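To keep things clear, I will list the structure first and then write my remarks on it.
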């Protein structure tokens, strides 16, 4: 503002050079009017010493780091004296302690110089100054004048104006190493003095802690940071169902379904989808060639077969089609022949689609239109399982594998009153209303909860600080899948256990060469780590009776045979290895739980188990429906004429 009280408009800066004297007067007038002057004070060695040189830079001409890194704005005296003045207090920020304010400027300048030293290391070592840069130079006490000679114009020289600087916003280059050391020493002394209730003192204290800590690593992390985890990604395969469009997986129940015009075994929602199904063409061609060679339709007069003969015939059909295609069929292609749309009456098995009437509830069960007696009443108890299985297939086709939510509550007392999965979920304050999600949750929890159920029956739950489980015949898709389930559904409901050891043993444990070392790195939840409770996972890719001879063998508290099929004579590599494994498990003399998929298999497994025993067995629980079994249906081919679906750990018995 001039003497007349009128604000003077800021002059336009042109690219051409002006008269230097007029420009100097003009800059001084602007500084006096607006106070846009930045004064950067560089700290000396000691806290009480004053800086010798103050470099003033016009803010209106300097952009970038100088504008933000140097926040001390002053209006210098018009006499041009280089006397150090304290900045006036503003309404927005009041600094009570000048030493703390000075140290904040030191931190800003130090961070800036470190960045410059990293990005422009070559320019720092150069001795000659650069004319097109703004220079900030310090001079300390007890420093040789020759060594510390400031690189600024002398008093006899005309100072450079902003118009002469082509790139005035560029940071410094002429920063010496010894000056950096002085700043570090001064900063260190300030950080040691940090401590108090003021914001600046808290900043110094936090900086001191930060500098004293080790650098962050991507291997180790604290609880507050992102935890390291290992995820086993299981990609579900495609399934064939006659009630779903073989191309888009749309539900055909209640709609007009179009059978394949060539083989008649796959179905579609429209003729366009039948033409677009390129994956089926090779299979369809092989089916037609097989029918031509046999001289009749694929399932012609299959009503003459018994249940076991019809299963064997379907296997023969698969081998014939594989011969035509000169490759093995995929699991989805095999289901086209294993689960065809035919009359459910065992003595009929009509295969012509025009002669069939289909269930309106599930769309998977058929009977002859002209023979109402072929409509079995037993289908009513399986229709819901058909619908649930189809819901899973449709969900996986659209969204991938269903991942249910898992409870994280840690119980302080044993849930002895819980007698089923629903009761246990209620105890864990976990409620799932979606039928598919709950079925997937029971599939996850059935392994740990069945082991807990067996320990409860054998009265082995109390006063157990370390618990070891042996899972014989373990599979990567079931026992190993979602490893955290052993912590959530076993360690969390057994408050006395501090260490849980889960040993997975089986010759087919690792068909995909998964890194077991990575799976072992899975950590417990934060509450368990805080209470120093751990879960240790061990993987033994071999036979159980061989593992029992190893020096690192762990003595178990419970041995589990989950869905092992002990009664079948053909085991691993078409050899019956179960007798040696059963003998090794019985010699340990601890509780043993054996589960099976169906009611049909459970008594056969128990008879085979007792026949292989060389001592008296105490049958704690005879073959019974497992209250903690999975409720997720899976297709059953072994006894499909009686039970079209099977469930993990459906039946179980316990001996010791």
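The values are calculated or read from the model by the stated rules, or taken from the named source; none is laboratory data. Small disclaimer: the values here were computed from a predicted structure and weren't measured. All Cβ positions, glycine included, derive from the backbone under ideal geometry; neighbour counts span all protein chains shown.
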Legend entry - Meets criteria (surrounded by 12 or more Cβ atoms within 10 Å (Cβ to Cβ) and modelled with pLDDT of 95 or more) for residue 498: yes
Inset, instruction - Look through 493, 472 and report the one residue that is touching a helix residue (DSSP H, G or I) at 6+ places or on another chain (Cβ under 6 Å) and surrounded by 22 or more Cβ atoms within 10 Å (Cβ to Cβ). - result: 472
Inset, instruction - Six or more apart or on different chains, Cβ under 6 Å: which pairs go from a residue in the range 392-403 that's not assigned by TED's automatic domain parsing to the domain that holds residue 439 to one that's exposed (fewer than 12 other Cβ atoms within 10 Å of the Cβ)? Could you list them? - result: none
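Matching residues to (1) at pLDDT 95 or above; (2) surrounded by 15 or more Cβ atoms within 10 Å (Cβ to Cβ); (3) in a helix (DSSP H, G or I):
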{"position": "388", "(1), (2), (3)": "yes, yes, yes"}
{"position": "398", "(1), (2), (3)": "no, no, yes"}
{"position": "423", "(1), (2), (3)": "yes, no, yes"}
{"position": "459", "(1), (2), (3)": "no, no, no"}
{"position": "463", "(1), (2), (3)": "no, no, no"}
{"position": "477", "(1), (2), (3)": "no, no, no"}
Inset, instruction - Spot the failing condition for residue 597; the list is (1) at pLDDT below 90; (2) surrounded by 13 or more Cβ atoms within 10 Å (Cβ to Cβ), and only one is missed. - result: (1)
Legend entry - Candidate set from the range 353-372 (those that are without any contact (Cβ under 8 Å) to a residue 24 or more places away in the chain and farther than 19 Å from residue 645 by Cα); member that is farthest from the chain's Cα centre (by Cα): 370
Legend entry - Residues of the range 449-469 that turn out to be more than 20 Å from residue 581 (Cα to Cα) and in contact with a helix residue (DSSP H, G or I) (Cβ under 7 Å, 6 or more places away or on another chain), as a count: 3
Inset, instruction - Determine which single condition residue 341 fails, assuming it passes every other condition in (1) over 20 Å from residue 640 (Cα atoms); (2) surrounded by 14 or more Cβ atoms within 10 Å (Cβ to Cβ). - result: (1)
Legend entry - Single match in 509, 488 (criterion: within 22 Å of residue 446 (Cβ to Cβ), part of a loop (DSSP other than H, G, I, E, B) and in contact (Cβ under 8 Å) with a residue 24 or more places away in the chain): 509
Inset, instruction - Return yes or no: is residue 483 surrounded by fewer than 22 Cβ atoms within 10 Å (Cβ to Cβ) and touching a strand residue (DSSP E or B) at 6+ places or on another chain (Cβ under 9 Å)? - result: yes
Legend entry - Selection within the range 533-580 - within 18 Å of residue 502 (Cβ to Cβ) and part of a helix (DSSP H, G or I): 544, 547
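Here's a check for you: in the range 640-656, which residue that is out of contact with any helix residue (DSSP H, G or I) (no Cβ under 6 Å at 6 or more places or on another chain) and over 17 Å from residue 364 (Cβ atoms) is modelled with the lowest pLDDT?
656
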Legend entry - residue 280 being buried (at least 19 other Cβ atoms within 10 Å of the Cβ), under 43 Å from the mean Cα position of the chain (by Cα) and in contact (Cβ under 8 Å) with a residue 24 or more places away in the chain: yes
Legend entry - Members of the range 244-256 that are under 15 Å from residue 336 (Cβ atoms) and free of Cβ contacts under 8 Å to residues at least 60 places away in the same chain: 245, 246, 247
Inset, instruction - Report whether or not residue 414 is surrounded by 13 or more Cβ atoms within 10 Å (Cβ to Cβ), touching a residue at least 40 places away in the same chain (Cβ under 8 Å) and within 30 Å of the chain's Cα centre (by Cα). - result: no
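So is residue 472 closer than 24 Å to residue 401 by Cα and touching a residue at least 24 places away in the same chain (Cβ under 8 Å) or not?
In short, no.
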Inset, instruction - Just one of (1) touching a residue at least 40 places away in the same chain (Cβ under 8 Å); (2) more than 34 Å from the chain's Cα centre (by Cα) trips up residue 604, so point out which. - result: (1)
